[in-house]
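Just so it is clear, none of the values below were taken in a lab; they were calculated from the coordinates. Predicted, not measured: the structure shown is a model, and the values here were computed from it. Every residue, glycine as well, gets a Cβ built from its backbone with ideal geometry; the counts of neighbours run over all protein chains shown.
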Number of protein chains: 2
Amino acid sequence: MKIDPDSPIDLSAQIAKAIRDAIIAGTLPVDERLPSEAELSEQFDVSRPTVREALKRLAAQSLIRTQRGATGGAFVNRLTFEDAYGQQITTSTLLLSMNAVSFQTACEARYALERACAPLSVQRRSADHLATMRAEAHRQAQPGLTDEAFCASDVAFHRALVDAAGNPVLSYQLAGAVEAMQPLMNMITFTARSREKIVAFHNQIADAVENGNGAAADAVLADLASYTMELAQSVIAARDAAKNEASHSN
Amino acid sequence: MKIDPDSPIDLSAQIAKAIRDAIIAGTLPVDERLPSEAELSEQFDVSRPTVREALKRLAAQSLIRTQRGATGGAFVNRLTFEDAYGQQITTSTLLLSMNAVSFQTACEARYALERACAPLSVQRRSADHLATMRAEAHRQAQPGLTDEAFCASDVAFHRALVDAAGNPVLSYQLAGAVEAMQPLMNMITFTARSREKIVAFHNQIADAVENGNGAAADAVLADLASYTMELAQSVIAARDAAKNEASHSN
DNA sequence: CCAAATCATATGTCAGACGTTTAATTGTCT
DNA sequence: AGACAATTAAACGTCTGACATATGATTTGG
């Protein structure tokens, strides 16, 4: 692709796009070394700092990695599922926090996706996945657990359920949805009673997974979804009431 | 966050992380203007090019936007669903192409997710969404359509189905899964007969959506998933056979 | 009072330089 | 000859300083 110095778009953005397109098209295979910064600056007829800005853009997307030293340079990076998880979580988190996405909408999406892979999880789960789910459910029943630890364990439980489906693409997709919800979930202060109920749901899910009962797993997830949304609604209502109280007393 | 000049990590990466964390934590609200590059370079005690590399990293993730001129600068960007779509599609596409994800795995994930939002789509679809689905199905029945146009229309059809659920978070999640499949789908050369069958499936889906029959929609999607995977398997088998033929004649 | 010219500010780009990391080469000693 | 040490070269990481350009604000002229 050609670079247009008169374009209103930054040169570094144009160069980044050109290289990115080459990577996506497969012209630049994984682990291929790009020309050195000096060579790139000559090829694109721009200065080295401009080339560097372009490379940093690509590095931010995990499309390339750089190595220093004699045989160093920029290499096309094999995008791992882990890299993709991280980006997805960052993006999803910001998307939810910046766009006033209601708890209801996010929650609905999350449980819809989770229910989508539950049948597969029930069918394919390994002993390891089941053990993780049991362990997290057990941890959640401990009395001394902080809210943060409870939420983290909650994420781990659902993560195990999703991973049990044995489909990395599904795991990747779900990671964002589940993890991005955590800040919103943390807003809900879990009382002892609601924890108890959630743990009961988790145990029921683990039972269904253990017994290979896909329909039961789906039903429990549906119940858990409803319960979570009700819980959120009551918390929100209580908060609004408190706010009204405060504004009245002013 | 403090910047460590002796860290093995690039200064620009450290600075980008510091700013990114501030954005995620909400310390820097949407549309807030960051200090100018000169000011940042003073605050972090680095040179302006280093600051610029950090800002380009953030710009690549759509976390900030920059404006030139007197009142210009870098502003915290409101991450739109559209921005997020784009990133998701790029990431998903690369993930599939770089990690030898089997067609089967990708396909399974895609249809599992799509079936997750079908019940909601059936329940909430607007006349507009249904009309789009009908129009695309009709277009797909045209005889002169190229393979590329057919695939694009296929994506548009399923996109409409997903959007009909009226949940932007779901749409965002699904966009990656559906669009990233297109290059893989294009590998399958659709014969006239398989097109006919796919169009029939699409019409059945549209019927189910129109009639508010969630179970039927789910069943048709399951059938479509099976059919697509069978189709792919036969294409792959044929290709392998041709390859063996070629290697025998060598 | 409005319009045009000017100014100030901030980003975009460039040129050149130096430091640091790293691997390959060279050289020397045993 | 072989092994270890010193040198070299390539490449990225960073800095300084400068100029170009865009754009809102200010001033000036009619």
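The table below gives the values:
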| item | result |
| --- | --- |
| Average Cα contact separation per residue, segment B:1-137, under 8 Å, 6 or more apart, as relative contact order % | 19 |
| HN-Hα J in Hz across segment B:228-240 - Karplus 6.51, -1.76, 1.60, θ = phi - 60°, x for Gly and Pro | 4, 5, 4, 4, 4, 5, 5, 4, 5, 4, 4, 5, 4 |
| Average beta-carbon neighbours from other chains, 10 Å sphere, peptide B:93-101 | 6 |
| Among A:V30, A:A112, A:I19 the positive-end extreme of the charge dipole of chain A (Cβ point charges) | A:V30 |
| Sequence of B:M133, B:M98 once ranked by neighbouring C-beta atoms within 10 Å, starting from the fewest | B:M98, B:M133 |
| Under 5 Å, built H, 5+ apart or other chain: amide partners of A:N77 | A:D31, A:I64, A:R65 |
| Candidates B:A22, B:A59, B:A135, ranked by Gaussian network fluctuation over chain B, Cα under 10 Å, top entry | B:A22 |
| Alpha carbon centroid spacing (whole Å) that separates segment B:1-51 from segment B:140-156 | 47 |
| Cβ-based exposure ranking for B:T90, A:T80, in which fewest neighbours within 10 Å come first | A:T80, B:T90 |
| Student exercise, segment B:112-247 dipole from Lys, Arg, Asp, Glu Cβ charges, in Debye to nearest 20 | 60 |
| Residue-averaged 222 nm ellipticity for chain B, from DSSP H runs of 4+ at -39500 (n - 2.57), nearest 500 | -24500 deg cm²/dmol |
| Distance (nanometres) between label positions extended 7 Å along Cα→Cβ at A:R124 and A:D223 | 2.7 |
| Whole-Hz ³J(HN,Hα) from phi, Karplus 6.51 cos²θ - 1.76 cosθ + 1.60, for segment B:171-182, glycine and proline x | 4, 5, 5, 6, 3, x, 4, 6, 5, 5, 6, 4 |
| Exposure proxy order (Cβ contacts within 10 Å, fewest to most) of A:H202, A:H138 | A:H138, A:H202 |
| Descending semi-axes in Å of the protein assembly as shown, equivalent ellipsoid built from Cα gyration tensor | 37, 34, 23 |
| nm² value of the averaged projected area, convex hull over the Cα atoms of chain A | 19.8 |
| Summed residue charge, Cβ within 13 Å of A:Y85's Cβ, Lys/Arg positive, Asp/Glu negative | -3 |
| Per-residue HN-Hα couplings for segment A:201-206 [Karplus 6.51, -1.76, 1.60; θ = phi - 60°; Hz; x = Gly/Pro] | 4, 4, 5, 4, 5, 4 |
| Gyration tensor (alpha-carbon) shape descriptor, segment B:128-181, a/c threshold 1.5 | oblate |
| Rel. contact order, % - alpha carbon contacts under 8 angstrom, at least six apart, segment B:116-173 | 55 |
| Cα-centre dipole for the protein assembly as shown with unit charges at Cβ (Lys and Arg positive, Asp and Glu negative), debye to 20 | 80 |
| Mean separation of Cα contacts under 8 Å (6+ apart) over length of chain B, as relative contact order % | 18 |
| Pairs of lysines in the protein assembly as shown (C-alpha under 23 Å apart; 8 or more residues apart or interchain) | 12 |
| Inverse mean reciprocal Cα-Cα distance (Kirkwood Rh) of segment B:104-250, Å | 15.8 |
| Shape of segment B:159-240, Cα gyration tensor, a/c cut at 1.5 | oblate |
| Size of segment A:77-141 as Cα extents on the principal axes (Å, biggest first) | 39, 37, 25 |
| If the convex hull is drawn through the Cα atoms of segment B:29-92, its volume per residue in Å³ | 97 |
| Trypsin sites (Lys or Arg not before Pro) restricted to segment B:52-122 and DSSP loop, no more than 11 other C-beta within 10 Å | B:R68 |
